[in-house]
Amino acid sequence: MCYSIMSSLNTLFRENFKKCCKEKGYTQQEVADKLGISLDGLKHHLRKNNPYLPSVDLLYKMAKIFDVDISYLIGEINSPKCSMQAISEITGINDRSISLITRNTSQFMPGFCFLINAISKSGHLEEFSSLIEELSFLDSSLINIKGSDHNIFYNSKPAEVKVLKAKILSLFDIILDEIIFDDHLWDQDAGYQMSCQLLDAIDKNEHSMSHDELVDYVRQKLEEIIHVNACEYITRFSPEQIISYRRYSLRKFYSQKRTFS
């Protein structure tokens with residue numbers, strides 16, 4: 001019985017391991033390198049005739065590499081994160097949607113995150129959501145007319161759909177105006193100074209911080225910049241982009257801005 005249970009767990013582990021590799025775009029060799037073990041050592045844990053799971057330490061490292069919970073790797077939960085499973089059970093949102101919403105913010109431009117956050121606080125959000133829901137029903141409304149030779153399908157409410165889309169766009173425009181004309185979000189001088197300081201700090205700490213530490217640091221500073229100028233140019237880019245290939249073009253942009261100011 002114990003052997004059967006262990007074998008079942010290992011089967012779930014193998015399946016979820018493959019899903020994680022596909023999701024992250026990693027080969028087995030790349031994962032083995034990140035784990036600090038040989039490819040043969042990794043394949044040993046993935047063999048069908050091996051009923052045993054990897055050690056807790058190795059599972060922990062794998063979970064960290066794939067950014068999932070150990071519980072997901074061994075098949076105890078269906079979502080990559082316990083928090084995602086809870087959200088799915090409460091809201092009914094599928095795992096794919098939740099993963100897009102909750103994925104690491106380094107993959108999103110901070111300005112985009114700010115926009116979503118600002119919209120969520122709008123007093124018009126409930127009305128906006130209702131209109132979107134109404135549109136989803138109207139847009140799929142088709143009527144079938146049986147002809148002598150064939151069936152004809154057409155949309156029964158094209159006018160209503162157009163009116164509803166116009167209402168949604170108009171309301172979204174109002175929400176954006178609320179965000180844009182919030183005066184405390186537009187200190188351009190402070191945003192400029194903080195952006196230059198951030199670029200200087202990246203140059204200074206590039207070799208003294210690990211990559212992950214530097215990403216976290218840049219993310220924190222971008223959030224601070226957004227709070228003083230929500231549309232500061234540097235916030236259009238993610239921490240990863242700024243650190244890797246955008247830093248020098250940003251340096252040039254802010255140098256030119258200093259020249260013309």
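Residues that are under 21 Å from Ile119 (Cβ atoms), more than 19 Å from the chain's Cα centre (by Cα), surrounded by fewer than 17 Cβ atoms within 10 Å (Cβ to Cβ) and not hydrophobic (A, V, I, L, M, F, W, C) within the range 225-247 comprise just one, His227. Remark: pairs (first residue in the range 21-49, without any contact (Cβ under 8 Å) to a residue 60 or more places away in the chain; second residue exposed (fewer than 14 other Cβ atoms within 10 Å of the Cβ) and not basic (Lys, Arg); Cβ separation under 6 Å; 6+ apart in sequence or on different chains) = Leu39/Gln29. For the range 7-36, the set of residues classified as modelled with pLDDT of 90 or more, of a type in the set (Asp, Glu) and under 19 Å from Ile74 (Cβ atoms) consists of Glu15 only. When residues in the range 197-214 are screened for being buried (at least 19 other Cβ atoms within 10 Å of the Cβ) and over 16 Å from Leu250 (Cα atoms), 1 of them pass. Among the residues of the range 37-60, none is identified as within 20 Å of Lys81 (Cα to Cα) and at pLDDT 90 or above. Can you confirm whether Leu185 is buried (at least 17 other Cβ atoms within 10 Å of the Cβ) and at pLDDT 90 or above? When the stated conditions are applied, Leu185 does not pass them. You will find that of Ile93, Ile101, the residue that is exposed (fewer than 13 other Cβ atoms within 10 Å of the Cβ) and either in a helix (DSSP H, G or I) or at pLDDT below 90 (or both) is Ile101 and no other.
Collect the residues in the range 235-261 that are assigned to a loop (DSSP other than H, G, I, E, B) and over 26 Å from Leu176 (Cβ atoms), keeping them in residue-number order. Explain how you work it out, then say what you get.
Initially, the range 235-261 is screened for residues assigned to a loop (DSSP other than H, G, I, E, B), giving 237-238, 261.
The one that is assigned to a loop (DSSP other than H, G, I, E, B) and over 26 Å from Leu176 (Cβ atoms): Ser261.
The single condition among (1) surrounded by 16 or more Cβ atoms within 10 Å (Cβ to Cβ); (2) at positive phi that Leu53 does not meet is (2). Residues that are in a helix (DSSP H, G or I) and within 16 Å of Ala201 (Cβ to Cβ) were ranked within the range 220-234; the one that is modelled with the lowest pLDDT is Glu223. Applying the set (1) modelled with pLDDT of 65 or more; (2) surrounded by 17 or more Cβ atoms within 10 Å (Cβ to Cβ); (3) not aromatic (Phe, Trp, Tyr) to Ile87 leaves exactly one unmet item: (1).
Each row is one residue, and each column tells you yes or no for (1) surrounded by 13 or more Cβ atoms within 10 Å (Cβ to Cβ); (2) part of a helix (DSSP H, G or I).
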site: Asn49; (1), (2): no, no
site: Ile65; (1), (2): yes, yes
site: Tyr72; (1), (2): yes, yes
site: Ser79; (1), (2): yes, no
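The values are calculated or read from the model by the stated rules, or taken from the named source; none is laboratory data. In this text, all values refer to a predicted model and were calculated from it rather than measured experimentally. Backbone-built Cβ (ideal geometry, glycine too); neighbour counts: all protein chains shown.
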